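K.L.:
Before anything else, here's the structure in question.
The values are calculated or read from the model by the stated rules, or taken from the named source; none is laboratory data. These numbers come from a predicted model, not from an experiment. When we count neighbours, we look across all protein chains shown, and the Cβ atoms used for this are built from the backbone with ideal geometry, even at glycine.
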Amino acid sequence: MSGGWGLDGGAGASAEAQTVFSVQNLHVSIGRSPIVEGVSFSLEREQTLGIVGESGSGKSMTVLAATGLLDAPGARVSGSALVHDDRLGSQQLVGASRRALRRVHGDAIGFVFQDPSTSLNPLLTLERQITESLEAHRGMTRRTARTRALELLSAVGIPDPEMRLDVYPHQLSGGQRQRVMIAIALACDPALLIADEPTTALDVTTQAQIIDLVRDLQAQRGTAVVWISHDLGVIGQVADEVIVLQQGQVVEQRGIVDLVDRPQHPYTRELLAARPKLGGSPPPPVDAAGEVLLDVQDLDVRFAVSTPTGRGHVHAVQQVSFQVRRGTTLGVVGESGSGKSTIANALTGLVPAGGSAVLGGQSLLGRVPRALRRRLAMVFQDPFSSLDPRVRAGDAIGEPLRVHRLHAGRHRERVRELLDLVHLPSAFATRFPHELSGGQRQRVSIARALALEPDLLILDEATASLDASIQAQVLDLLRDLQQELELTYMFIAHDLAIVQQMSHDVLVMQKGRAVEYRPAAELFGAPAEAYTRALMAAIPPDRPRAALEA
Amino acid sequence: MRGSPRALLVFLGRRLVYSAVVLLGVMVVTFAIVQLVPGDPIRLALGTRYNAEAYQALLEASGLDRPLPEQFFSYIAGALTGDLGVSFRSGQPVTVLLLERLPATVSLAVVGIGLALLIALPAGIWAGLREGRVADAIVRVTSQFGVSVPDFWMGLLLITLFSGILGWLPSSGYTPLAEDPGGWARQVVLPALTVGLVAAAILTRYVRAAVLEVAHSGFVRTAKSKGLSPKVVTMRHVVRNALVPVLTIVGIQLATIASGVIVVEVVFAWPGLGRLVYEAVAARDYAMIQGAVLLIAAMFLLINLIVDVCYALVDPRIRLS
């Protein structure tokens, strides 16, 4: 597993090719447990190394340790990590003093992190956050640094950069914030850019823009990039070479095209297979003229917002109509802020709404009897926050039974049946959430929702925070349950590929409006609306970019 | 798009209106105190001096013989013009009595909270940045000790040390600042230190917790990834953000001290509001109690208003939302 380069794209193979970042035999351990075991690679100007693996595989640890930014108590790092910058020369980062590390951080190495909503300081203007490193490393005055910040903001595609300099992060969208993070990382023109899951928190269309932006800037400046992602599709769009990490070990390290075409290691094949992609198998067909279970007409939700200068409202859902037939899945897809989750909240009575929503003959809007609430159940996105950390899995699943007085006298048995339904051993009933993995927690959440024996199960981004392989398993489970119990789903997701795998009908939402609502096969076969086509086009293609460009 | 002065003024205006509404509510409640007390307030006020003529005289003087709505409006009108009635006990205007006590109370509160901040900010920041290390343990144990010690005992300890053993400071008494700044300063130190140490112990824990939370946040990692010096990372990124939640606690503590720390006032013979209220309650001096409650409520509102404005100045999300 040495760090030889298989140059597939040919990028960077110029006469002045030189190593920017060279990592040899990097080991990281915390206490006695090894976290990263023997990672080696080297990276030249304008090249991109992708590091891919599931959560907990040691991707971020590897890069943070190699760049001297790891801040975990009791962590030990060994090996070598040499960064070379034309101005600063070469610097060994493993075991370097804090002062030496500060000299290269922000100057020779720029960093972009996953969540742009938490990685910018909420109390400082964009100007201050961009100019900080220029003042620290380049000794620039406020005025010169401001001019440079202006250039950077327009380079990363922020409209009206002059006005935006004095803006605070909360006044920007997620995509704009990540552009600002990139401007900060590139402020001192670093030789190396570390991008740690930079698009994971973004919508698919925004993700595509950020990928293009980084590639353009990289080509202009000759920056070497280490791009970390759990998503092989994204890695395929950016990387020349790829390291596949599994539990801290490099299982495969090759050029991207070779890796995708001829995966050697079973884990790589698993990752490739688990990638959700368009054109996967749709759910088994159902009776197209089946009974309408949920009939929603002109659903309308407004949120009042008050500003210092008056009151206004956000029109979160605008006159949306759809139907869900019994035993089918309605996929609801759209970007963040499109109103997907608000529809779910309106149906479950969490927000007041206009229009009508009728479930099996009874209206869901306004004050409704408790027995009707039971007929709708919800599974939320984050299995870490949607389970009470102090309640055992069995009690969490049993709670709805108690509240709605179902299966009186045989709760324990019913909990066991429900665990069995979601393929968890009955011994899991006594476990606390922290003793479960993310996928297991989501199975518990599904079992809890099924405890009510609901007519309609609303799955709100239910698999979005799971690793691809776990997501695939949970989706299989949901499809099996639908067959077995004739369940009806409303499947809310931002990922078109998994919506296609799950849905019989699809509702595409944009800015509170339904832009397209059709049977899934028709919609994915020939999307009628430009917005739907744009969403589909933004999905990273199956083939790596290097292969498509060759 | 920056926080324009106009947005801040609108913000301030709204808060002022809220405060006025709350104050009006407080007035209704304080007015009701006299109506709701069991027994006859005039009779209670007269006590052993009771006779029919004195009763009639006091009844007319206090206006309690007039119809309720009239009483209410004259009470509100009086309160708005600074007339809070006459103390049953001393016969002096309540406003005069309250204003006499105000400088001592404000001195104690401001100096006390100042000392508390002087101790709590460095200690809390220092401990928060060294989580789990010896420094953190020392600060945590010391602050736990400070929280547990009763304030009168803290006061007695300080008197024993600084005035008994060392003889540096007077053990009690109060001199107005305007009369003799030196004397005022010497006399305010011990009572302010007493309330300040207790407040500091509580504040330190809040500062430490806030620093700890912010130190692990994404934007602090970003700041470190820029290669900024530890001083800049701490002051510009950690401390500023950590202070936002701490502001609320500082406001509550300031208001608590200002509304009277009776035990400390007694120990140091400090002529603060706390003792005035205590004496008024003991003597069933209702006009005095009404006035004091109103003043304390007004101080709470003023301090909250200041805290809100500080919030808005520090945090653009509040100023511009």
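K.L.:
Out of the residues in the stretch A:300-335 that are modelled with pLDDT of 85 or more and in contact with a helix residue (DSSP H, G or I) (Cβ under 6 Å, 6 or more places away or on another chain), state the one that is farthest from A:Glu461 (Cα to Cα). Let's see the steps before the verdict.
P.N.:
Step one: list which residues in the stretch A:300-335 are modelled with pLDDT of 85 or more, which gives A:300-302, A:315-335.
Those still in the list that are in contact with a helix residue (DSSP H, G or I) (Cβ under 6 Å, 6 or more places away or on another chain) too: A:301, A:316-317, A:329, A:331-334.
Numbers: A:Val301: 20, A:Ala316: 18, A:Val317: 18, A:Thr329: 14, A:Gly331: 11, A:Val332: 10, A:Val333: 10, A:Gly334: 11 Å.
The qualifying residue farthest from A:Glu461 (Cα to Cα) is A:Val301.
K.L.:
With respect to the numbered conditions (1) of a type outside the set (Gly, Ala, Ser); (2) within 14 Å of chain B (Cβ to nearest Cβ); (3) in contact with a helix residue (DSSP H, G or I) (Cβ under 9 Å, 6 or more places away or on another chain), which one is the sole condition not fulfilled by A:Arg87?
P.N.:
Every listed condition holds for A:Arg87 apart from (3).
Matching residues to (1) away from every other protein chain (no Cβ under 14 Å); (2) closer than 17 Å to B:Leu129 by Cβ; (3) modelled with pLDDT of 90 or more; (4) assigned to a helix (DSSP H, G or I):
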{"site": "B:Ser172", "(1), (2), (3), (4)": "yes, no, no, no"}
{"site": "B:Val188", "(1), (2), (3), (4)": "yes, no, no, yes"}
{"site": "B:Ala199", "(1), (2), (3), (4)": "yes, no, yes, yes"}
{"site": "B:Glu213", "(1), (2), (3), (4)": "no, yes, yes, yes"}
{"site": "B:Val220", "(1), (2), (3), (4)": "no, yes, yes, yes"}
{"site": "B:Val239", "(1), (2), (3), (4)": "no, yes, yes, yes"}
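K.L.:
Take the residues of the stretch A:171-202 that are over 23 Å from A:Lys59 (Cα atoms), touching a residue at least 40 places away in the same chain (Cβ under 8 Å) and more than 20 Å from the chain's Cα centre (by Cα): which is farthest from the other protein chains (Cβ to nearest Cβ)?
P.N.:
A:Ala183
K.L.:
Can you list residue pairs whose Cβ atoms sit under 6 Å apart, with the first residue in the stretch A:322-335 being assigned by TED's automatic domain parsing to the domain that holds A:Leu523 and the second being among the aromatic types (Phe, Trp, Tyr) and surrounded by fewer than 24 Cβ atoms within 10 Å (Cβ to Cβ)? Count only pairs 6 or more apart in sequence or on different chains.
P.N.:
So the pair list comes out as A:Phe322/A:Tyr517.
Rundown of residues vs (1) among the hydroxyl-bearing types (Ser, Thr, Tyr); (2) loosely packed, with under 15 Cβ neighbours inside 10 Å; (3) over 16 Å from B:Ala192 (Cα atoms); (4) without any contact (Cβ under 8 Å) to a residue 40 or more places away in the chain, yes/no style:
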residue: B:Ala104; (1), (2), (3), (4): no, no, no, no
residue: B:Ala116; (1), (2), (3), (4): no, no, no, no
residue: B:Leu121; (1), (2), (3), (4): no, no, yes, no
residue: B:Gly124; (1), (2), (3), (4): no, no, yes, no
residue: B:Leu129; (1), (2), (3), (4): no, no, yes, no
residue: B:Arg133; (1), (2), (3), (4): no, yes, yes, yes
residue: B:Ile138; (1), (2), (3), (4): no, yes, yes, yes
residue: B:Ser143; (1), (2), (3), (4): yes, no, yes, no
residue: B:Ser148; (1), (2), (3), (4): yes, yes, yes, yes
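K.L.:
What pairs come up if the first residue lies in the stretch A:157-170 and is in the same structural domain as A:Asp212 (by TED's automatic domain parsing) and closer than 15 Å to A:Asn121 by Cα, the second is at pLDDT 90 or above and of a type in the set (Asp, Glu), and their beta carbons are under 6 Å apart, counting only those six or more places apart or on different chains?
P.N.:
A:Leu165/A:Glu127
K.L.:
Mind counting the residues in the stretch A:102-147 that are part of a helix (DSSP H, G or I) and of a type in the set (S, T, N, Q)? So that I can check it myself, show each step before the final result.
P.N.:
Taking the stretch A:102-147 and keeping what is part of a helix (DSSP H, G or I), we get A:102-104, A:126-138, A:142-147.
Filter again for of a type in the set (S, T, N, Q), leaving A:129, A:131, A:133, A:144, A:147.
So the count comes out to 5.
K.L.:
Being outside any helix (DSSP H, G or I) and either touching a strand residue (DSSP E or B) at 6+ places or on another chain (Cβ under 9 Å) or at pLDDT 90 or above (or both) is the filter here, so list the residues in the stretch B:83-131 that pass it.
P.N.:
Of the stretch B:83-131, the ones outside any helix (DSSP H, G or I) are B:83-93, B:130-131.
The answer is B:Asp83, B:Leu84, B:Gly85, B:Val86, B:Ser87, B:Gln92, B:Pro93.
K.L.:
Test of understanding: among A:Val358, A:Val391, A:Val379, which residue is surrounded by 14 or more Cβ atoms within 10 Å (Cβ to Cβ) and under 30 Å from A:Asp203 (Cβ atoms)?
P.N.:
On the way: A:Val358 fails: under 30 Å from A:Asp203 (Cβ atoms); A:Val391 fails: under 30 Å from A:Asp203 (Cβ atoms).
On inspection, the qualifying residue turns out to be A:Val379.
K.L.:
Let me ask something else. Has the stretch A:526-544 got at least one residue that is over 20 Å from the mean Cα position of the chain (by Cα), buried (at least 20 other Cβ atoms within 10 Å of the Cβ), within 25 Å of A:Leu359 (Cβ to Cβ) and modelled with pLDDT of 90 or more?
P.N.:
No, every residue in the stretch A:526-544 fails to be over 20 Å from the mean Cα position of the chain (by Cα), buried (at least 20 other Cβ atoms within 10 Å of the Cβ), within 25 Å of A:Leu359 (Cβ to Cβ) and modelled with pLDDT of 90 or more.
K.L.:
For B:Val267, are the conditions met, namely being away from chain A (no Cβ under 14 Å), under 27 Å from the mean Cα position of the chain (by Cα) and at pLDDT 90 or above?
P.N.:
Values: away from chain A (no Cβ under 14 Å): yes; under 27 Å from the mean Cα position of the chain (by Cα): yes; at pLDDT 90 or above: no.
No.
K.L.:
Here's a follow-up. If you check B:Ala280, B:Ala269, which single one turns out to be within 27 Å of B:Phe31 (Cβ to Cβ) and either touching a residue at least 40 places away in the same chain (Cβ under 8 Å) or crowded, with 20+ Cβ neighbours inside 10 Å (or both)? Steps first, please.
P.N.:
Working: B:Ala269 fails: within 27 Å of B:Phe31 (Cβ to Cβ).
The conditions single out B:Ala280.
K.L.:
Suppose we filter the stretch A:414-444 for residues that are in contact (Cβ under 8 Å) with a residue 60 or more places away in the chain and surrounded by 24 or more Cβ atoms within 10 Å (Cβ to Cβ); how many remain? Reasoning before the result, please.
P.N.:
As a first pass, look at the stretch A:414-444 and keep what is in contact (Cβ under 8 Å) with a residue 60 or more places away in the chain: A:421, A:438, A:442, A:444.
Cutting the leftovers down to surrounded by 24 or more Cβ atoms within 10 Å (Cβ to Cβ) gives us A:442, A:444.
Here the count works out to 2.
K.L.:
Report yes if some residue within the stretch B:245-262 is away from every other protein chain (no Cβ under 14 Å), out of contact with any Leu (no Cβ under 9 Å at 6 or more places or on another chain), crowded, with 24+ Cβ neighbours inside 10 Å and not in a helix (DSSP H, G or I); otherwise report no.
P.N.:
There is no residue in the stretch B:245-262 that is away from every other protein chain (no Cβ under 14 Å), out of contact with any Leu (no Cβ under 9 Å at 6 or more places or on another chain), crowded, with 24+ Cβ neighbours inside 10 Å and not in a helix (DSSP H, G or I).
K.L.:
Based on this model, can you work out whether B:Asp180 counts as of a type in the set (D, E, K, R) and either buried (at least 16 other Cβ atoms within 10 Å of the Cβ) or at pLDDT 90 or above (or both)?
P.N.:
On the way: of a type in the set (D, E, K, R): yes; either buried (at least 16 other Cβ atoms within 10 Å of the Cβ) or at pLDDT 90 or above (or both): no.
No, not satisfied.
K.L.:
Give, as residue ranges, the strands (runs of 3 or more DSSP E) completely inside the stretch A:33-89 that count at least 2 residues that are at pLDDT below 95.
P.N.:
On the way: elements: A:33-44, A:48-52, A:75-85.
Qualifying strands (runs of 3 or more DSSP E): A:33-44, A:75-85.
K.L.:
Can you tell me which residue is farthest from the chain's Cα centre (by Cα) among those in the stretch A:450-465 that are of a type in the set (A, V, I, L, M, F, W, C) and surrounded by fewer than 23 Cβ atoms within 10 Å (Cβ to Cβ)? Can you show your working first?
P.N.:
Step one: list which residues in the stretch A:450-465 are of a type in the set (A, V, I, L, M, F, W, C), which gives A:450-452, A:456-459, A:462, A:464.
With surrounded by fewer than 23 Cβ atoms within 10 Å (Cβ to Cβ) added as a condition, the list becomes A:450, A:452, A:456, A:464.
Details: A:Leu450: 26, A:Leu452: 30, A:Leu456: 26, A:Ala464: 7 Å.
For the stretch A:450-465, the residue satisfying everything is A:Leu452.
K.L.:
Let me ask another. In the stretch A:97-121, what residues are surrounded by fewer than 19 Cβ atoms within 10 Å (Cβ to Cβ) and either more than 7 Å from chain B (Cβ to nearest Cβ) or closer than 19 Å to A:Leu202 by Cβ (or both)? Quick ask: steps written out before the conclusion?
P.N.:
The first filter runs over the stretch A:97-121 and keeps only residues surrounded by fewer than 19 Cβ atoms within 10 Å (Cβ to Cβ), leaving A:97-101, A:103, A:115, A:117-118.
A:Ser97, A:Arg98, A:Arg99, A:Ala100, A:Leu101, A:Asp115, A:Ser117, A:Thr118 - these are the residues of the stretch A:97-121 that are surrounded by fewer than 19 Cβ atoms within 10 Å (Cβ to Cβ) and either more than 7 Å from chain B (Cβ to nearest Cβ) or closer than 19 Å to A:Leu202 by Cβ (or both).
K.L.:
Sticking with this one: Only one of (1) within 27 Å of the chain's Cα centre (by Cα); (2) free of Cβ contacts under 8 Å to residues at least 60 places away in the same chain; (3) more than 11 Å from A:Gly106 (Cα to Cα) fails for A:Arg146. Which number is that?
P.N.:
Condition (1) is where A:Arg146 drops out.
K.L.:
Failed condition for B:Ile159, given (1) among the hydrophobic types (A, V, I, L, M, F, W, C); (2) in a helix (DSSP H, G or I); (3) without any contact (Cβ under 8 Å) to a residue 60 or more places away in the chain, with all others met?
P.N.:
(3)
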